[in-house]
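Trainee: I am attaching a structure below and will ask some questions about it afterwards.
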Amino acid sequence: MNSADLLVFDKLRPRLFLIAYRMLGMRADAEDIVQDAWLRFSTSGHDEIKSTEAWLVTITTRLSIDRLRSRKIERETYSGWWIPEPVVEMVGENPEAAAELASEVSVAMLWVLERLTPEERAAFLMRKVFDRNYDELAVVLGKSEAACRQLVHRAQERIRQESPRFTVSRSMHRAVLDNFMQAAASADRDAMKSLLSADVEYRADGGGKVPSLDKLLVGTGRVAGLYWAVEHAFPERVVYKMACVNGEPGLIRYIDGKLDSVQSFCIDEGKISRIYVVRNPDKLQSIPLLQ
């Protein structure tokens, strides 16, 4: 392995990370996959590699599929909801990195991708996100082109059914969220309810490590009541900070100066329709402390 090979790999590393992260929804797992890809690249016979980029994308995808299959048992024993590990940038901290996290890696999209089989997830991402041809999918997945087309079709149908109905601008997303943050911080239940859709859904991931709702919470009254209850349980001790969560406006909540959760929001027709709250401390290790 020479310095030129290292430079090539380092240039591709951010893309390989995003491939693995889209596949796995876990930052630590994605970093492990990229490291494993590097080890295989560094010990491979480079004379046999026609395209370094194609080779690394393929090996990263295959390693990610293997990891998805192996963690199926982990998902079955996981306590409560499993929500992807968020990638967080504080507002104004790194706009280039935020722009790189496109809608395909929003928490909402990763949540939907988790509903797919490993092969469906890989086929959809390779075809629709990375624009790979079906003959390339067939090689990576070890299936016929016809089977790969079917995998992509099933994935698209599932994503269409479960994705938010409308897309909103970043400015509207942030404006709605800013109003909700102020309403939550002041325990204004009516103001919060006015910003929530009638069938709003709230999910929280504590991973069995911290107290968290294991059931789906639905409806403006219940969701607004939960935020109201937090403020009344910890009067003047709750702080919200706006952040960029997986490329979209989100919130970080601190209680008594300690990190409590990272929160992602879907906006439909100007109102919050879904809330994903990560409280599992294993998924919050990279989140900045309150300044």
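The values are calculated or read from the model by the stated rules, or taken from the named source; none is laboratory data. Being a predicted model, the structure only gives us computed values, none of them experimental. Methodologically, a virtual Cβ is constructed for each residue, glycine included, from the backbone with ideal geometry; neighbour enumeration extends over all protein chains shown. Accessible surface is based on the protein model in full, side chains and every heavy atom, while ligands, DNA and RNA are left aside. Shrake-Rupley method; radii C 1.70, N 1.55, O 1.52, S 1.80 Å.
Trainee: How many residues does the stretch 181-199 contain that are under 24 Å from S163 (Cβ atoms) and in a helix (DSSP H, G or I)?
Mentor: We begin by selecting, within the stretch 181-199, every residue under 24 Å from S163 (Cβ atoms); these are 195-199.
Within this subset, residues satisfying the condition of being in a helix (DSSP H, G or I) are none.
Selection size over the stretch 181-199: 0.
Trainee: Within the stretch 182-239, track down each residue that is on the phi > 0 side of the Ramachandran plot and acidic (D, E). Step through it out loud before you land on a result.
Mentor: Step one: list which residues in the stretch 182-239 are on the phi > 0 side of the Ramachandran plot, which gives 187, 207-208, 219, 236.
Across the stretch 182-239, the qualifying residue is only E236.
Trainee: Please enumerate the residues belonging to the stretch 18-44 that are within 13 Å of the chain's Cα centre (by Cα) and of a type outside the set (D, E, K, R).
Mentor: L18, I19, A20, Y21, M23, L24, G25, M26, A28, A30
Trainee: From the residues in the stretch 119-139 that are open to solvent by less than 30 Å² (accessible area, probe 1.4 Å) and in contact (Cβ under 8 Å) with a residue 40 or more places away in the chain, which one is farthest from R71 (Cα to Cα)?
Mentor: M126
Trainee: Residue under question is R67, and the condition is that it be out of contact with any Pro (no Cβ under 6 Å at 6 or more places or on another chain), open to solvent by less than 80 Å² (accessible area, probe 1.4 Å) and touching a residue at least 60 places away in the same chain (Cβ under 8 Å); does it hold?
Mentor: no
Trainee: Within the stretch 273-285, can you find the residues that are in a strand (DSSP E or B), open to solvent by 10 Å² or more (accessible area, probe 1.4 Å) and touching a Ser or Thr at 6+ places or on another chain (Cβ under 7 Å)?
Mentor: Once the filter is applied, which keeps residues that are in a strand (DSSP E or B), open to solvent by 10 Å² or more (accessible area, probe 1.4 Å) and touching a Ser or Thr at 6+ places or on another chain (Cβ under 7 Å), the stretch 273-285 yields only S273.
Trainee: Which is over 17 Å from R67 (Cα atoms), of a type in the set (S, T, N, Q), in contact (Cβ under 8 Å) with a residue 12 or more places away in the chain and surrounded by fewer than 20 Cβ atoms within 10 Å (Cβ to Cβ), of Q150, Q156?
Mentor: Criteria check complete, one pass: Q156.
Trainee: Filter the helices (runs of 4 or more DSSP H) completely within the stretch 67-180 down to those with at least 2 residues that are modelled with pLDDT of 85 or more and closer than 23 Å to N280 by Cβ. Write out each step before concluding.
Mentor: Details: elements: 72-77, 95-100, 107-113, 118-124, 134-141, 145-162.
By residue number, 107-113, 118-124.
Trainee: Filtering the stretch 47-64 down to residues that are open to solvent by 60 Å² or more (accessible area, probe 1.4 Å) and in a helix (DSSP H, G or I), which residue is farthest from L116 (Cα to Cα)?
Mentor: Ranking the qualifying residues of the stretch 47-64, first place goes to D47.
Trainee: With the requirement that a residue be without any contact (Cβ under 8 Å) to a residue 60 or more places away in the chain and within 25 Å of the chain's Cα centre (by Cα), what does the stretch 55-64 give you?
Mentor: Once the filter is applied, which keeps residues that are without any contact (Cβ under 8 Å) to a residue 60 or more places away in the chain and within 25 Å of the chain's Cα centre (by Cα), the stretch 55-64 yields L56, I59, T60, L63, S64.
Trainee: Against the conditions (1) farther than 21 Å from V139 by Cβ; (2) hydroxyl-bearing (S, T, Y); (3) modelled with pLDDT under 85, where does S51 fall short? Just the number, please.
Mentor: S51 satisfies every listed condition except (1).
Trainee: While we're here: Quick check: anything in the stretch 28-44 over 23 Å from L137 (Cα atoms) and assigned to a loop (DSSP other than H, G, I, E, B)?
Mentor: Looking through the stretch 28-44, at least one residue is over 23 Å from L137 (Cα atoms) and assigned to a loop (DSSP other than H, G, I, E, B).
Trainee: Of all residues in the stretch 25-41 being closer than 18 Å to T58 by Cβ and aliphatic (A, V, I, L, M), which is surrounded by the fewest Cβ atoms within 10 Å (Cβ to Cβ)?
Mentor: L39
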